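Student: I'd like to ask some things about the structure below.
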Amino acid sequence: MTVQDRPLPTDTGILSPGNSDKRDELIEMLTKGYWMEIETVMSYIANSINPDGVRAREVVDHIEQDIQEEIGHAQQFGQRIKELYGVVPGSLEFRAGQSYLQPPEQQTDIVHVIKGVIEAETQAIEHYNRIIEFCDGLDLVTQDMVVTIQRDEQQHRRLFEGFLREYEAEGRV
Ligand SMILES: [Fe+2]
Ligand SMILES: [Fe+2]
């Protein structure tokens, strides 16, 4: 882990010298969240452009809107990494993992995209749950930030679950 500075010794909580191991662990979790957001932006850009068909329009519009929110989340994770005396990583450290958001065989297969979005949001929600629990009684500032981000992800997931339900009701899934 690259550490650029050290907090002043008078700090308490997550910034206290006694908590440096926990701080390193938290920075690692935040860095993972940062990369998840960045990869989601990549996947959402592709999946907001590729789909064909009238029915895909509504879905694509929402994916487009979410891109901006995911960029904002990445920036917040980055800011918090810095505030905790970590360093936001460079692009060479990026490793992809969103196999479920690769382009489908047929670009009219919007259900594939909807399911991929639901999976991406679910993985984010689960990782952010781990951060929220880790921060309990340790770092309420990070906890508060991640709780707010998690709500956005829950809203994203809920919306796409609704799209999926509509297709299921039509027997298209
Ligand atoms: Fe996000
Ligand atoms: Fe999201």
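Student: Pull out a ≥ b ≥ c, the square roots of the eigenvalues of the alpha-carbon gyration tensor of region 85-173, then state rounded if a/c is under 1.5, prolate if not and a/b is larger than b/c, and oblate in the remaining case.
Tutor: Oblate, since a/c reaches 1.5 and b/c is not below a/b.
Student: May I ask you to derive the relative contact order of the chain, considering only C-alpha pairs under 8 Å and at least 6 residues apart, and to give it as an integer percent?
Tutor: Relative contact order for the chain comes out at 25 percent.
Student: Can you give the extra length, in nm with one decimal, that the chain gains between SER20 and GLN107 once fully stretched, where that is 0.36 nm per residue apart less the Cα-Cα distance?
Tutor: Once the chain is fully extended between SER20 and GLN107, it gains 26.5 nm.
Student: Between helix 20-49 and the chain, what is the angle of the helix's C-alpha long axis to the longest principal axis, kept within 0 to 90° and rounded to the nearest 10?
Tutor: 20
Student: Among the lysines, which have Cα under 28 Å from the Cα of LYS22 when same-chain residues fewer than 8 positions away are ignored?
Tutor: LYS32, LYS82
Student: Accessible area of the chain with a 1.4 Å probe: how many percent of it is carbon plus sulfur?
Tutor: Of the solvent-accessible surface of the chain, carbon and sulfur hold 48 percent.
Student: When the Kirkwood radius is taken over all Cα pairs of region 67-115, what Stokes-Einstein diffusion coefficient follows at 25 °C and 0.890 mPa s, in µm²/s?
Tutor: Here the translational diffusion coefficient equals 181 µm²/s.
The values are calculated or read from the model by the stated rules, or taken from the named source; none is laboratory data. Since we're looking at a predicted model, the values are computed, not measured. Areas reflect the complete protein model, heavy atoms only, side chains present, ligands, DNA and RNA absent. Shrake-Rupley method; radii C 1.70, N 1.55, O 1.52, S 1.80 Å.
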